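What follows is a single structure, written as structure tokens, with notes after it.
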Amino acid sequence: MSLNLNNKIIIISLLPEMFQALVNYGVLSKIFSSQKVILEFINPRNFVSDIHKTIDDRPFGGGPGMVMLAEPLAQSIESAKRQLPQAPVIYLSPQGEKFDQKMAENISGNLWNNQAGLIFICGRYEGIDQRVLDLLIDREISLGDFVLTGGELALMCILDAVLRLIPGVLGDAESALQDSFSNPEGLLDCPHYTRPPVWRGLAVPDVLLSGHHEKIKQWRYKKALEITEIKRPDIFKNK
Ligand code: 4FV
């Protein structure tokens, strides 16, 4: 695979160091060390000149907390767009489209096939000036209906789910297809067992030791149905 600039992901964040957790550990660290995907960081503080490197201010209309200033963010986005002119600009926020496996597959496919790259903005404090959203942001994504102190952790979760789907990242591409929500019917995953066959008196289901692949496949599907009906009736009913 030739090294092409557009497998680049630019992250606009006040705390780029946080992403070391994603870059340096686990199966994903390989795609960064091999430069299959390139992560680049832009810190809005680089676009302010006052001695306090001020990037936030009090909200108009009063109220608690601070809001991130528009100009440093705008200059950060425009700097990223100079590198990735076709890349979508995505803001992480509770107001966004709810992230799920389908969206992970979509973003992963776009990154890998469109080669346009991706630009993400991680907010802090109460959020960012709305005019940046109105003028410069293409899409908002939410990790879930809860409030974080910043967008960084949400983005790391989203990048983990997206980048593990990049061809060649997971040892066995098959494994991604069997996962929860990834199997054709979007069911939860079946139970998994490994050695020893009997542990503290608990035996592994015989069918899994039978070597009978069709019976094993049927058993795993039956269990996935059962578990989904019990743990996620909301998914089950849409089946
Ligand atoms: C969030 C979420 C989230 C809101 C204010 C950061 C925080 C603070 N991002 N999914 N849920 N963001 O709570 O993505 O700036």
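The values are calculated or read from the model by the stated rules, or taken from the named source; none is laboratory data. Predicted model only: the values in this text are computed from it and were never measured. Note that we place each Cβ from the backbone using ideal geometry, even for glycine, and neighbour counts take in every protein chain shown. Remember, those area values only see protein heavy atoms, side chains included, never the ligands or the DNA or RNA. Shrake-Rupley method; radii C 1.70, N 1.55, O 1.52, S 1.80 Å.
Going by what's in this entry, would LYS231 be described as under 27 Å from the mean Cα position of the chain (by Cα) and modelled with pLDDT of 95 or more?
Judged against the criteria, LYS231 is a match.
Can you pull out the residues in segment 105-142 that are on the phi > 0 side of the Ramachandran plot and within 16 Å of the ligand (Cβ to nearest atom)?
Across segment 105-142, the qualifying residues are TYR125, GLY127.
Say whether the condition of being surrounded by fewer than 18 Cβ atoms within 10 Å (Cβ to Cβ), modelled with pLDDT of 95 or more and more than 9 Å from the ligand (Cβ to nearest atom) is met by at least one residue in segment 177-190.
No.
Which ones in segment 16-45 are open to solvent by less than 20 Å² (accessible area, probe 1.4 Å), among the aliphatic types (A, V, I, L, M) and in a helix (DSSP H, G or I)?
Within segment 16-45, LEU22, ILE31 meet the criteria.
Just checking, how many residues over segment 80-111 are open to solvent by less than 50 Å² (accessible area, probe 1.4 Å) and closer than 26 Å to GLU185 by Cβ?
Residues meeting the conditions: 8.
Applying the selection to segment 51-75, what residues are of a type in the set (A, V, I, L, M, F, W, C) and assigned to a helix (DSSP H, G or I)?
ALA70, LEU73, ALA74
Any residue in segment 132-157 that's at pLDDT 95 or above: show its pairings with residues that are among the polar types (S, T, N, Q) at Cβ separation under 6 Å, as long as the two are six or more apart or on different chains.
Once the first residue is at pLDDT 95 or above and sits in segment 132-157, its partners that are among the polar types (S, T, N, Q) give GLU140/SER93; GLU140/GLN95; GLU152/SER13.
Taking only segment 143-152 into account, find how many residues are more than 6 Å from the ligand (Cβ to nearest atom) and open to solvent by less than 10 Å² (accessible area, probe 1.4 Å).
1
(1) open to solvent by 30 Å² or more (accessible area, probe 1.4 Å); (2) at pLDDT 95 or above; (3) closer than 30 Å to LEU188 by Cβ: which one isn't true of VAL67, the others all being true?
For VAL67, the failing item is (3).
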